[in-house]
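S.K.: Sharing a structure below in structure tokens format, with a few things to ask.
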Amino acid sequence: MTEVELSPEVSEYTEVHRHPEPKTFISKWIFSVDHKVIGIQYLLLAVVAAFVGMGLSLLVRLRLVWPEKSFAILGDLFPVGAPDGVMTPEFYLAMLTMHGTIMVFMVLTTAPQGGFGNYFLPIQIGAADMAFPTLNMLSFWTTFVSFSFLMAAFFVEGGAPMAGWTGYPPLSAVPEAAVQGIGQDLWIVSIAFFCIASLLAALNFIVTTLDMRAKGLTMMRLPLTVWTWFVTAILGLLAFGVLLAAGVLLLMDRNLGTSFFVPGGLVVSDKAIDHSGGSPILWQHLFWFFGHPEVYIAILPGMGVTSHLLATFARKQVYGYKAMVYAVAAIGILGFVVWGHHMFVSGMSPYSAFVFSVLTMCIGVPSAIKTFNWIGTLWGGRIRFTSPMLYSIGFVSLFVSGGLSGIFLGQPTIDLYFHDTYFVVAHFHLIMGVAAIFGMFAGVAFWFPKMFGRWMDESLGKIHFWCTFVGVYAIFGPMHYLGMLPHPRRYAEFTGVDYLQTGGAGDLHYFITVAAMFTITVQFLFLFNFVKSIFAGKPCTEANPWEATTLEWTIPSPPPHDNFGGKVPHVYRGSYDFSLPGAKRDFAMQCNKDEAVYGGAAAGD
Amino acid sequence: MTTTTLTPTETQTEPTTNGGGTVARPPHRYGGGSSGPFSNRALIQRYKLGVWIGVGGIIMFFAALTSAMVVRSGLSNDWKPFDVPWILFLSTAVLLVSSFTLEGARRRMIAGDWTGVRLWVNGTAALGSVFLACQLLGWQALSERGFFLASNPANSFYYLLTAGHGLHLLGGMLALGYVWMRVRAPQRWATREAVIEAAALYWHFMDVLWIYILGLLAFWR
């Protein structure tokens with residue numbers, strides 16, 4: 001076993017047991033129990049899923065502006081959904097459903113938590129691996145099975161499901177409805193597997209954070225990234241079990257003749273359905289009890305990365321570290337008591353709606369604290385405008401833009417008007433979709449040198465940032481206006497309906513589609529930069545190229561097996577000791593003793 | 001950046017899991033403390049913490065089913081209350097006894113008697129199988145009364161909740177099977193105490209969960 005050289009920044013450390021390295025290709029790269037390999041596996045799965053999901057969104061946009069146009073390749077791939085290459089309305093709904101499902105589960109849930117969390121949480125707390133490495137491997141492969149089931153739904157008879165990523169019954173619960181066949185069943189099974197994978201992963205993250213921290217690394221010294229991964233894991237633990245239960249009930253309704261969600265007296269395609277007494281609203285309650293925390297599962301890690309990077313590149317301490325921690329916790333707790341705001345139009349007692357509305361407004365408080373503190377962190381900093389920093393600032397911008405429309409939608413009276421319009425599409429894409437994606441971009445750009453020992457191309461990164469930033473605002477900005485017209489969402493076609501053409505709506509839809517095509521094209525620039533840099537990027541030999549403070553920057557790039565090679569650094573300070581008055585440098589690493597920071601034996605040289 | 005070799009200020013040797021008993025170490029506090037991450041005591045704590053967290057997830061699963069049941073029972077007039085089969089009380093007794101036998105296995109482990117551990121684990125697994133068989137008989141008794149899964153929502157939840165608990169118990173049986181296999185060479189098994197402690201904790205939780213479910217089925221009509 002090769003000796004691992006810790007950076008001389010490490011003042012003291014503890015020697016612990018080392019684990020043998022895996023020998024075979026399979027144990028090293030396929031069924032690996034190493035959290036770093038598993039993290040990269042999650043990231044790759046998310047990248048594949050993101051490009052599939054993006055392709056689906058392109059189809060959705062194309063269908064909206066050219067409903068009659070024939071795309072020969074679609075005719076070959078989906079002879080039923082797109083006969084002669086012309087997309088049917090059912091096909092449009094199926095693409096919409098799959099886009100949402102793939103993006104929410106396979107991208108927004110896997111990459112920030114399973115990808116970056118897996119890779120960096122153990123290193124940032126000074127551990128050799130997760131608490132339960134084998135369980136970690138099982139989590140990933142269960143996720144992979146889930147992804148495979150979801151992909152299979154495209155190719156079965158009846159095609160992909162079309163009940164939306166929310167799977168609302170009765171459409172999702174009655175096989176006789178529309179052209180749906182086994183696709184919806186595959187969707188439910190996929191989600192069930194995903195729930196199990198996420199529960200196992202959440203368990204692992206929580207135990208790792210509580211039990212594996214290095215000496216001196218108290219909870220209030222944790223990097224905010226770790227805090228957000230930790231809270232995200234708690235949300236996952238409490239939310240995914242509920243979705244699993246709901247999924248089981250839905251599957252039984254479809255296949256075993258029970259009536260949990262299917263009401264009586266339902267007639268589908270002139271045929272009476274043999275169910276009675278169930279309630280679709282019951283599904284909505286169960287689903288959104290999961291669904292709202294899920295929003296925070298997607299966005300919290302992005303918040304953590306943003307806080308982390310703003311401090312690092314502004315060379316300042318995180319403004320209000322404790323407030324940030326409490327805000328994350330508050331968002332997590334409040335996230336469980338606001339699910340009703342997704343259901344204002346489903347029919348709800350005005351009193352319940354009022355309570356859900358007030359609780360929803362309450363989330364504005366911790367969100368505002370976070371935004372305030374991000375700006376406070378930037379204020380007066382000596383900002384280094386690197387590409388990860390640009391992505392982080394982009395995150396703040398998108399978070400604010402998307403969050404403000406949330407205050408509108410949290411009012412039942414306004415939501416009644418906006419709920420089924422493009423206003424909602426704009427809102428959740430900005431805050432949950434694109435903001436979270438910018439968090440991932442920031443994470444990739446920031447940690448790439450550590451993960452692969454090479455640099456990504458900085459100029460390409462900046463070009464990609466600006467194009468994407470402008471692109472997403474061009475897509476989702478006009479949707480707010482469309483929503484106010486109001487243009488209903490989930491409609492496969494607007495042409496030929498006169499009242500939907502007023503206010504320049506037709507031209508706007510055309511503009512949005514062009515903007516989407518542009519933004520999607522730009523993502524290939526990122527993919528190119530990512531893949532090229534893995535193999536041919538400029539080598540990064542330094543342990544700490546960004547002059548950051550946390551523990552992952554004390555070990556070689558890429559990190560060796562066992563991370564610290566059996567040496568756990570001791571921690572003496574918080575995560576963001578930048579620009580300490582009287583210090584020799586403008587940053588103090590967590591493993592620096594005071595003597596090393598202020599004088600005495602010089603550290604690092 | 002040059003690298004210098006530092007001498008460790010504190011050294012932890014691998015705990016004597018190779019043949020020795022449990023290592024006596026000061027109680028481990030979260031984060032810090034001087035006991036190492038690989039001492040048996042720390043492993044036991046980590047595994048038990050894992051089970052406790054897992055229990056949280058399982059509770060949410062059954063809480064969701066409970067709330068669905070409560071809501072569904074009030075939705076329409078197709079809810080037909082029924083008496084739970086008497087055999088469930090037998091299975092409850094069997095399950096409770098099995099917790100004591102597993103506790104017996106844990107006692108033998110502390111005493112270092114690995115043959116005894118295997119014996120008690122065998123007994124526990126047997127009782128677990130009897131429990132599951134009783135549950136199946138309960139299903140049979142219900143279907144003989146003409147109550148099937150889709151007959152009415154009360155029946156649906158009966159089958160669903162018992163099956164859900166049964167599957168979780170089956171997971172516990174798998175854990176026992178793992179213990180049983182590994183106990184043949186306990187000296188080469190570093191996590192032996194931790195796994196047995198964790199399995200015992202999980203098994204006891206299965207008791208509590210079952211009593212809750214039985215109460216729900218018997219009294220929420």
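The values are calculated or read from the model by the stated rules, or taken from the named source; none is laboratory data. The shown structure was predicted, so the numbers you read here are calculated from the model rather than taken from an experiment. Note that each Cβ is placed from the backbone with ideal geometry, even for glycine, and that neighbours are counted across all protein chains shown.
S.K.: Within the stretch A:197-210, does at least one residue satisfy the condition of being under 21 Å from A:Met252 (Cβ atoms) and out of contact with any strand residue (DSSP E or B) (no Cβ under 8 Å at 6 or more places or on another chain)?
M.R.: Yes, the conditions are met somewhere in the stretch A:197-210.
S.K.: Please tell me if B:Ala190 is within 13 Å of chain A (Cβ to nearest Cβ), at pLDDT below 95, under 30 Å from B:Ser73 (Cα atoms) and assigned to a loop (DSSP other than H, G, I, E, B). Even if it seems obvious, please write down each step before you answer.
M.R.: Numbers: within 13 Å of chain A (Cβ to nearest Cβ): yes; at pLDDT below 95: yes; under 30 Å from B:Ser73 (Cα atoms): no; assigned to a loop (DSSP other than H, G, I, E, B): yes.
Against the criterion (within 13 Å of chain A (Cβ to nearest Cβ), at pLDDT below 95, under 30 Å from B:Ser73 (Cα atoms) and assigned to a loop (DSSP other than H, G, I, E, B)), B:Ala190 does not qualify.
S.K.: Could you check, for the stretch A:63-78, whether at least one of its residues is farther than 28 Å from A:Glu294 by Cα, among the hydrophobic types (A, V, I, L, M, F, W, C), touching a strand residue (DSSP E or B) at 6+ places or on another chain (Cβ under 9 Å) and at pLDDT 90 or above?
M.R.: First pass over the stretch A:63-78, keeping only residues farther than 28 Å from A:Glu294 by Cα: A:63-78.
Restricting the remaining residues to those that are among the hydrophobic types (A, V, I, L, M, F, W, C) gives A:64-66, A:71-74, A:77-78.
Now narrow it down to the ones that are touching a strand residue (DSSP E or B) at 6+ places or on another chain (Cβ under 9 Å): A:71, A:74.
So of that shortlist, the ones also at pLDDT 90 or above come out as A:71, A:74.
Within the stretch A:63-78, one or more residues are farther than 28 Å from A:Glu294 by Cα, among the hydrophobic types (A, V, I, L, M, F, W, C), touching a strand residue (DSSP E or B) at 6+ places or on another chain (Cβ under 9 Å) and at pLDDT 90 or above.
S.K.: Ok, one more. Given the conditions (1) assigned to a helix (DSSP H, G or I); (2) surrounded by fewer than 20 Cβ atoms within 10 Å (Cβ to Cβ); (3) β-branched (Val, Ile, Thr), which single one is not true for A:Ile191?
M.R.: (2)
S.K.: Something else now. Provide a single number: the residues in the stretch B:106-154 that are closer than 23 Å to B:Leu167 by Cβ and in a helix (DSSP H, G or I).
M.R.: Qualifying residue count, the stretch B:106-154: 25.
S.K.: Now, a different point. Criterion first (more than 13 Å from every other protein chain (Cβ to nearest Cβ) and crowded, with 18+ Cβ neighbours inside 10 Å) does A:Trp553 satisfy it?
M.R.: So A:Trp553 does not fit the description; no.
S.K.: Kindly list the number of the only condition in (1) within 14 Å of chain B (Cβ to nearest Cβ); (2) in contact with a His (Cβ under 6 Å, 6 or more places away or on another chain) that fails for A:His17.
M.R.: So A:His17 meets the others, but not (2).
S.K.: When you scan the stretch A:249-268, do you find a residue that is more than 23 Å from A:Gly183 (Cβ to Cβ), at the interface with chain B (Cβ under 10 Å from one of its Cβ atoms), of a type in the set (A, V, I, L, M) and within 28 Å of the chain's Cα centre (by Cα), even just one?
M.R.: Within the stretch A:249-268, not a single residue is more than 23 Å from A:Gly183 (Cβ to Cβ), at the interface with chain B (Cβ under 10 Å from one of its Cβ atoms), of a type in the set (A, V, I, L, M) and within 28 Å of the chain's Cα centre (by Cα).
S.K.: In addition: What residue, among those in the stretch B:67-78 that are surrounded by fewer than 18 Cβ atoms within 10 Å (Cβ to Cβ) and more than 7 Å from chain A (Cβ to nearest Cβ), is farthest from the chain's Cα centre (by Cα)?
M.R.: B:Asn77
S.K.: Could you tell me whether B:Thr92 is within 30 Å of A:Gly264 (Cα to Cα), at pLDDT 95 or above and of a type outside the set (A, V, I, L, M)? Show your work before the answer.
M.R.: Numbers: within 30 Å of A:Gly264 (Cα to Cα): no; at pLDDT 95 or above: yes; of a type outside the set (A, V, I, L, M): yes.
It is false that B:Thr92 is within 30 Å of A:Gly264 (Cα to Cα), at pLDDT 95 or above and of a type outside the set (A, V, I, L, M).
S.K.: So, A:Thr225, is that one assigned to a helix (DSSP H, G or I), hydroxyl-bearing (Ser, Thr, Tyr) and more than 10 Å from chain B (Cβ to nearest Cβ) or not?
M.R.: So A:Thr225 passes the test.
S.K.: Next question, about the same structure. In the set A:Ala173, A:Ala214, which member is farther than 24 Å from A:Thr258 by Cβ, buried (at least 19 other Cβ atoms within 10 Å of the Cβ) and within 14 Å of chain B (Cβ to nearest Cβ)?
M.R.: Numbers: A:Ala173 fails: farther than 24 Å from A:Thr258 by Cβ.
Exactly one of A:Ala173, A:Ala214 is farther than 24 Å from A:Thr258 by Cβ, buried (at least 19 other Cβ atoms within 10 Å of the Cβ) and within 14 Å of chain B (Cβ to nearest Cβ), namely A:Ala214.
S.K.: Given (1) in contact (Cβ under 8 Å) with a residue 40 or more places away in the chain; (2) surrounded by 18 or more Cβ atoms within 10 Å (Cβ to Cβ); (3) closer than 13 Å to B:Val84 by Cα, where does B:Tyr159 come up short, assuming only one miss?
M.R.: (1)
S.K.: Looking only at residues that are among the β-branched types (Val, Ile, Thr) and touching a residue at least 24 places away in the same chain (Cβ under 8 Å) in the stretch A:309-343, which one is surrounded by the fewest Cβ atoms within 10 Å (Cβ to Cβ)?
M.R.: A:Val325
S.K.: Here are some residues: A:Gly394, A:Gly376, A:Gly381, A:Gly332. Which one is small (Gly, Ala, Ser), in contact with a Gly (Cβ under 8 Å, 6 or more places away or on another chain) and either in a helix (DSSP H, G or I) or more than 20 Å from A:Leu108 (Cα to Cα) (or both)?
M.R.: Numbers: A:Gly394 fails: in contact with a Gly (Cβ under 8 Å, 6 or more places away or on another chain); A:Gly381 fails: in contact with a Gly (Cβ under 8 Å, 6 or more places away or on another chain); A:Gly332 fails: in contact with a Gly (Cβ under 8 Å, 6 or more places away or on another chain).
Matching residue, one of A:Gly394, A:Gly376, A:Gly381, A:Gly332: A:Gly376.
S.K.: Report yes if some residue within the stretch A:281-300 is polar (S, T, N, Q), within 14 Å of another protein chain (Cβ to nearest Cβ) and touching a helix residue (DSSP H, G or I) at 6+ places or on another chain (Cβ under 9 Å); otherwise report no.
M.R.: yes
S.K.: Taking the condition of being surrounded by fewer than 21 Cβ atoms within 10 Å (Cβ to Cβ) and assigned to a helix (DSSP H, G or I), how many residues in the stretch A:413-423 meet it?
M.R.: Final tally of qualifying residues: 4.
S.K.: Just to be sure I understand, how many residues within the stretch A:360-370 are surrounded by fewer than 19 Cβ atoms within 10 Å (Cβ to Cβ) and closer than 21 Å to A:Leu243 by Cβ?
M.R.: 0
S.K.: State which residue pairs qualify: first residue in a helix (DSSP H, G or I) and inside the stretch A:79-95, second residue of a type in the set (Phe, Trp, Tyr) in any location, beta carbons under 8 Å apart, and separation of 6 or more residues or different chains.
M.R.: A:Gly85/A:Phe71; A:Phe91/A:Phe78
S.K.: Can you say whether B:Trp180 is of a type outside the set (A, V, I, L, M), within 15 Å of B:Arg106 (Cβ to Cβ), touching a residue at least 12 places away in the same chain (Cβ under 8 Å) and crowded, with 19+ Cβ neighbours inside 10 Å, as far as the supplied structure shows?
M.R.: On the way: of a type outside the set (A, V, I, L, M): yes; within 15 Å of B:Arg106 (Cβ to Cβ): yes; touching a residue at least 12 places away in the same chain (Cβ under 8 Å): yes; crowded, with 19+ Cβ neighbours inside 10 Å: no.
Criteria not met by B:Trp180.
S.K.: Moving on. What's the number of the only condition in (1) assigned to a loop (DSSP other than H, G, I, E, B); (2) charged (D, E, K, R); (3) over 30 Å from B:Ala190 (Cβ atoms); (4) free of Cβ contacts under 8 Å to residues at least 60 places away in the same chain that A:Glu9 fails to meet?
M.R.: (4)
S.K.: Against the condition surrounded by fewer than 21 Cβ atoms within 10 Å (Cβ to Cβ), facing chain A (nearest Cβ under 8 Å) and part of a helix (DSSP H, G or I), how does B:Gly56 come out, does it pass?
M.R.: yes
S.K.: Tally up the residues in the stretch A:435-472 that are among the aliphatic types (A, V, I, L, M), in contact (Cβ under 8 Å) with a residue 12 or more places away in the chain and farther than 19 Å from A:His308 by Cα, please.
M.R.: 4
S.K.: Let me ask something else about it. Taking the stated definitions as given, is A:Thr521 surrounded by 14 or more Cβ atoms within 10 Å (Cβ to Cβ), β-branched (Val, Ile, Thr) and part of a helix (DSSP H, G or I)?
M.R.: Criteria not met by A:Thr521.
S.K.: Another one. Regarding the stretch B:202-214, can at least one residue be identified that is within 14 Å of chain A (Cβ to nearest Cβ), aliphatic (A, V, I, L, M) and either crowded, with 21+ Cβ neighbours inside 10 Å or assigned to a helix (DSSP H, G or I) (or both)?
M.R.: Yes, the conditions are met somewhere in the stretch B:202-214.
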